[in-house]
Amino acid sequence: MPLAVQQVRRMRGGAQSHLMRCEDGGYYVVKFQNNPQGARILANELLGTRLAARMGLPTPAAAVVEVRENLIEHTDDLVIQLGRGRTRCRAGLQFGSRYPGSPADTVVYDFLPDEQLREVVNLADFCGMLVFDKWTCNTNGRQAVFFRARAESRYQAWMIDQGFCFNAVEWNFPDAPLRGLYARHRVYESARGLQAFEPWLARIEGKMTEAVFDEVYKEIPGEWYGFETEALERMLEQLLRRRKLVRELIVSAWKSSAQPFFNWK
Ligand SMILES: Nc1ncnc2c1ncn2[C@@H]1O[C@H](COP(=O)(O)OP(=O)(O)OP(=O)(O)O)[C@@H](O)[C@H]1O
Ligand SMILES: [Mg+2]
């Protein structure tokens with residue numbers, strides 16, 4: 001388990017995460033247990049990122065990162081801003097999403113203009129990620145980061161922020177046609193029919209078994225879900241049952257007025 005040794009900077013976003021350097025030399029974007037979106041989003045991040053990676057989708061490596069009291073005490077910036085005041089980040093086990101390389105060498109972008117999006121090496125993975133987001137009922141739009149590995153001329157996308165999968169802290173699945181889509185529909189240009197999604201649907205049905213769930217489940221620190229084991233188990237059971245729903249959810253996104261799959265006639 002990586003141990004945080006230094007806070008580098010604050011990141012944008014509702015969970016008020018921090019970029020941190022760890023003892024293993026890696027950099028992680030860390031979300032704290034007492035973030036304003038709720039502790040359960042840490043469980044969602046770990047579970048979601050692990051499952052997406054098992055499906056073969058490009059995600060950062062995810063880890064449980066330890067942040068000790070001592071570091072928090074000595075870092076003025078390790079606070080959560082609340083409506084009126086602020087509170088210290090809580091020490092203990094946090095969620096970490098691995099930064100690609102080191103921040104000194106690798107620039108990471110949240111958005112790319114459409115012309116550059118077309119040149120992303122793994123653009124078709126957005127179709128796979130939509131299958132994942134429909135399955136897990138991600139109630140936020142899809143988010144990704146883009147970066148170029150050293151000496152590479154083309155961008156690569158990593159899928160980040162699985163915090164609102166399973167409807168954030170609600171752990172239910174209020175499906176709706178436009179949920180989970182990426183804001184720039186250009187990323188779906190390779191979708192000319194349901195066949196663009198079929199390999200991913202097959203992976204959910206074939207690979208996302210109860211055994212995989214059991215493995216991932218064991219990794220989630222109990223503090224992240226208030227030790228409410230039953231609630232977590234109920235959510236996971238629903239997730240298993242939903243595997244056969246996903247094809248239909250993709251079709252309803254296609255039929256929606258937004259027409260996200262502009263090449264699927
Ligand atoms: N693995 C990563 N590598 C590099 N940058 C990352 C990584 N994970 C997150 N980030 C950056 O940190 C920011 C915040 O991350 P994230 O979106 O997960 O948090 P959030 O608080 O839920 O944000 P929001 O409220 O905007 O959705 C992202 O916009 C992105 O720039
Ligand atoms: Mg986000």
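The residue pairs whose first member lies in region 159-174 and is assigned by TED's automatic domain parsing to the domain that holds ALA144 and farther than 21 Å from PRO58 by Cβ, whose second member is in a helix (DSSP H, G or I) and within 11 Å of ligand 2 (Cβ to nearest atom), and whose beta carbons are closer than 8 Å, counting only pairs six or more residues apart or on different chains, are ALA168/ILE41; VAL169/ILE41.
Would a scan of region 175-183 turn up a residue that is of a type in the set (Lys, Arg), modelled with pLDDT of 95 or more and more than 14 Å from ASP133 (Cα to Cα)? Taking every residue of region 175-183 in turn, none turns out to be of a type in the set (Lys, Arg), modelled with pLDDT of 95 or more and more than 14 Å from ASP133 (Cα to Cα). Within region 219-234, the residues that satisfy the criterion of being within 20 Å of the chain's Cα centre (by Cα) and not in a helix (DSSP H, G or I) are ILE220, PRO221. Quick check: anything in region 123-144 within 19 Å of the chain's Cα centre (by Cα), surrounded by fewer than 16 Cβ atoms within 10 Å (Cβ to Cβ) and without any contact (Cβ under 8 Å) to a residue 60 or more places away in the chain? The answer is yes, given that some residue of region 123-144 is within 19 Å of the chain's Cα centre (by Cα), surrounded by fewer than 16 Cβ atoms within 10 Å (Cβ to Cβ) and without any contact (Cβ under 8 Å) to a residue 60 or more places away in the chain. Evaluated against (1) surrounded by fewer than 14 Cβ atoms within 10 Å (Cβ to Cβ); (2) in the same structural domain as PRO58 (by TED's automatic domain parsing); (3) within 14 Å of ligand 1 (Cβ to nearest atom), ASP105 falls short on exactly one condition, (2).
With respect to the stated conditions, VAL169 fails to be surrounded by fewer than 18 Cβ atoms within 10 Å (Cβ to Cβ), away from ligand 1 (no atom under 15 Å from the Cβ) and of a type in the set (Val, Ile, Thr). Residues in region 10-26 that are in contact (Cβ under 8 Å) with a residue 60 or more places away in the chain, surrounded by fewer than 21 Cβ atoms within 10 Å (Cβ to Cβ) and more than 7 Å from ligand 1 (Cβ to nearest atom): ARG10, LEU19, GLY26.
Restricting the first member to region 240-265 and to residues that are closer than 14 Å to ASN138 by Cα, and the second to residues that are modelled with pLDDT under 95 and assigned to a helix (DSSP H, G or I), the beta-carbon pairs closer than 9 Å and six or more apart or on different chains are VAL246/GLU205. Quick check on ASP77: is it closer than 29 Å to GLU152 by Cα, away from ligand 1 (no atom under 11 Å from the Cβ), of a type in the set (Asp, Glu) and not assigned by TED's automatic domain parsing to the domain that holds ASN138? No: the conditions fail for ASP77. Restricting attention to region 1-26, which residues are among the aliphatic types (A, V, I, L, M) and closer than 24 Å to GLY38 by Cβ? Answer for region 1-26, where residues must be among the aliphatic types (A, V, I, L, M) and closer than 24 Å to GLY38 by Cβ: MET1, ALA4, MET11, ALA15, LEU19, MET20.
Every residue, every condition in (1) within 16 Å of ligand 2 (Cβ to nearest atom); (2) within 18 Å of VAL29 (Cβ to Cβ); (3) in a loop (DSSP other than H, G, I, E, B), yes or no:
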residue	(1), (2), (3)
GLU152	no, no, yes
ALA157	yes, yes, no
PRO174	no, no, yes
ALA183	yes, no, yes
ARG186	no, no, no
ALA202	no, no, no
VAL212	no, no, no
TYR217	no, no, no
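Looking across region 34-47, the residues that are away from ligand 1 (no atom under 12 Å from the Cβ) and under 16 Å from the mean Cα position of the chain (by Cα) come down to ALA39, ARG40, ALA43, LEU46, LEU47. Among the residues of region 10-54, those identified as more than 16 Å from ligand 2 (Cβ to nearest atom) and closer than 19 Å to PRO103 by Cβ are MET20, ARG21, CYS22, GLU23, ASP24, GLY25, GLY26, TYR27.
When you check VAL145 against the structure, is it assigned by TED's automatic domain parsing to the domain that holds GLY226 and within 30 Å of GLU230 (Cα to Cα), yes or no? Spelling it out, it is not the case that VAL145 is assigned by TED's automatic domain parsing to the domain that holds GLY226 and within 30 Å of GLU230 (Cα to Cα).
The values are calculated or read from the model by the stated rules, or taken from the named source; none is laboratory data. If you're wondering where the values come from, they're calculated on a predicted model, not measured in any experiment. As a convention, Cβ positions derive from the backbone with ideal geometry for all residues, glycine included, and neighbour counts pool all protein chains shown.
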